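The values are calculated or read from the model by the stated rules, or taken from the named source; none is laboratory data. Not measured: the values here are computed from a predicted model. So basically every Cβ, Gly included, is an ideal-geometry build from the backbone, and we count neighbours across all protein chains shown. Surface areas here come from the heavy atoms of the whole protein model, side chains and all, with no ligands, DNA or RNA. Shrake-Rupley method; radii C 1.70, N 1.55, O 1.52, S 1.80 Å.
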Amino acid sequence: MSLLLVAGILIAGSVPVFGGGAPRLSQEPYLEVVEVSGNVSYGYEPLKALQGRPAKVGDRLRRSGEGITTGNGSSAKLAVDNGIGNLDVSENTNVRVKNLSRGRNGSNTTDLAMNRGRVRAKVRSFTNPQSRFSIQTPGGVAGVRGTEFVVEVLPNGETRVITVDGIVAVSAADRTQAVSKGYASLIVPGNPPTTPSLISGNVRVSLQILPAPDTGKVRVSGSVNPINSVFLNDLPVDVSPTGLFDTVVPLPTNGLLRLMVRNPLGEEQVYELVAP
C-alpha cells in the first residue's frame with residue numbers, strides 16, 4: 001500500500017466497506033461532520049478565507065469550495081459517505097472540497113484541499129482502481145492504498161507526510177522517497193522531499209528568550225527535531241528543515257510565554273517560559 005506525493009495533491013486508495021456490508025450511497029456524494037469540539041466553522045468560501053456559521057454534527061460538505069475551519073484548541077472529524085475512510089482535523093486547520101463525484105464504472109473521487117493545519121486520514125484499500133482520494137497542499141500530492149497517514153501544512157507552506165501504517169511514496173521536484181511505517185518526510189515548496197527520518201517521541205527543545213528591538217516585544221529562538229511542530233502562545237511557529245526557529249511576539253502583560261512542542265504522532269510537551 002503506497003502513497004504518492006508530487007507537487008500539490010494527496011491521493012489515496014479505495015476501501016472495502018466498513019463491516020456489515022456495503023453502505024447505501026446517495027446520488028450526491030458528501031463528507032459528513034461526525035464530531036465537533038470547540039470553535040469549528042462551516043462555510044463556502046475561498047480556501048484562505050474559509051469562515052461561516054458554527055459547524056455541527058450532521059453537516060455535509062458536497063460542493064466545490066465547501067469546507068470547515070478549526071480554531072485554537074478545536075478539532076473535528078469528517079467521514080466519507082461511501083465508507084472509504086475518515087479524517088481527524090486538528091486545530092487551526094482548514095479543509096475544503098475540490099471535487100466529489102461517482103463514475104459510471106462505480107469509481108469514487110474524493111479530492112480535498114488544505115493550506116494550513118494538520119489532518120490525520122485513515123483510508124481503506126480501493127476495490128475499484130479508478131477510485132481516488134486526494135488532499136491538495138502547497139507542497140505536494142500523495143497517493144495511498146489502504147493506509148493511515150498524517151499530512152501537516154505549516155504557515156510557510158512546508159508539507160510534512162508521516163506514515164502511521166503502510167508505505168508512502170513521496171515525490172516532488174522530480175524525486176521520490178519511499179516512506180515506511182514510523183517514518184516521515186518533509187517537502188519545502190519547490191524542493192524535493194527530504195530523506196525519511198524515524199519518528200521519535202522526543203519533544204525536547206533548546207531555546208533562548210531575548211528582548212526584541214521593538215518595545216513591548218520578545219524574541220524566542222531555538223531548535224527542535226525538524227519533524228516536530230512548535231506553537232508559541234497557541235500560534236504556530238515556522239521551523240526550518242534543520243529544526244531551527246526564530247520569532248518575535250508581543251510581550252504578555254504577565255510576562256509568561258507558553259511554548260508547546262508536538263511530534264507527528266500528536267504527543268505534546270508544554271513549556272512555561274518567563275520573558276526577560
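Listed by first and then second residue, the pairs with beta-carbon distance under 6 Å, at least 6 apart or on different chains, first residue in region 174-197 and among the aromatic types (Phe, Trp, Tyr), second open to solvent by 20 Å² or more (accessible area, probe 1.4 Å), are 183/196; 183/198.
Remark: residue 58 falls outside the filter, which requires a residue to be outside any strand (DSSP E or B) and in contact with a Pro (Cβ under 8 Å, 6 or more places away or on another chain).
Here residue 91 clears all of (1) within 17 Å of residue 29 (Cβ to Cβ); (2) acidic (Asp, Glu); (3) not in a strand (DSSP E or B) except the condition numbered (1).
Could you say whether any residue in region 259-275 is over 16 Å from the mean Cα position of the chain (by Cα), at negative phi, polar (S, T, N, Q) and in a loop (DSSP other than H, G, I, E, B)? Taking every residue of region 259-275 in turn, none turns out to be over 16 Å from the mean Cα position of the chain (by Cα), at negative phi, polar (S, T, N, Q) and in a loop (DSSP other than H, G, I, E, B).
Every residue in region 260-276 that is surrounded by 15 or more Cβ atoms within 10 Å (Cβ to Cβ) and β-branched (Val, Ile, Thr), please. Residue satisfying the conditions is 261 alone. Within region 197-224, the set of residues being open to solvent by less than 50 Å² (accessible area, probe 1.4 Å) and farther than 20 Å from residue 261 by Cα comprises 212, 216. For region 163-186, the set of residues classified as hydrophobic (A, V, I, L, M, F, W, C) and either open to solvent by 10 Å² or more (accessible area, probe 1.4 Å) or within 22 Å of residue 232 (Cβ to Cβ) (or both) consists of 164, 167, 169, 173, 178, 186, listed by residue number. One residue alone among 193, 250 is touching a strand residue (DSSP E or B) at 6+ places or on another chain (Cβ under 7 Å), modelled with pLDDT of 85 or more and farther than 21 Å from residue 270 by Cβ, and that residue is 193.
A quick yes/no check of all residues on (1) closer than 29 Å to residue 161 by Cα; (2) not small (Gly, Ala, Ser):
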| position | (1), (2) |
| --- | --- |
| 225 | yes, yes |
| 232 | yes, yes |
| 256 | no, yes |
| 262 | yes, yes |
| 266 | yes, no |
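The single condition among (1) crowded, with 21+ Cβ neighbours inside 10 Å; (2) in contact with a strand residue (DSSP E or B) (Cβ under 6 Å, 6 or more places away or on another chain); (3) in contact (Cβ under 8 Å) with a residue 60 or more places away in the chain that residue 102 does not satisfy is (1).
I'd like to know if region 135-156 contains one or more residues that are farther than 20 Å from residue 264 by Cβ and surrounded by fewer than 20 Cβ atoms within 10 Å (Cβ to Cβ). Looking through region 135-156, none of the residues is farther than 20 Å from residue 264 by Cβ and surrounded by fewer than 20 Cβ atoms within 10 Å (Cβ to Cβ). Scanning region 52-85 for residues being open to solvent by 20 Å² or more (accessible area, probe 1.4 Å) and within 13 Å of the chain's Cα centre (by Cα) gives a total of 2.
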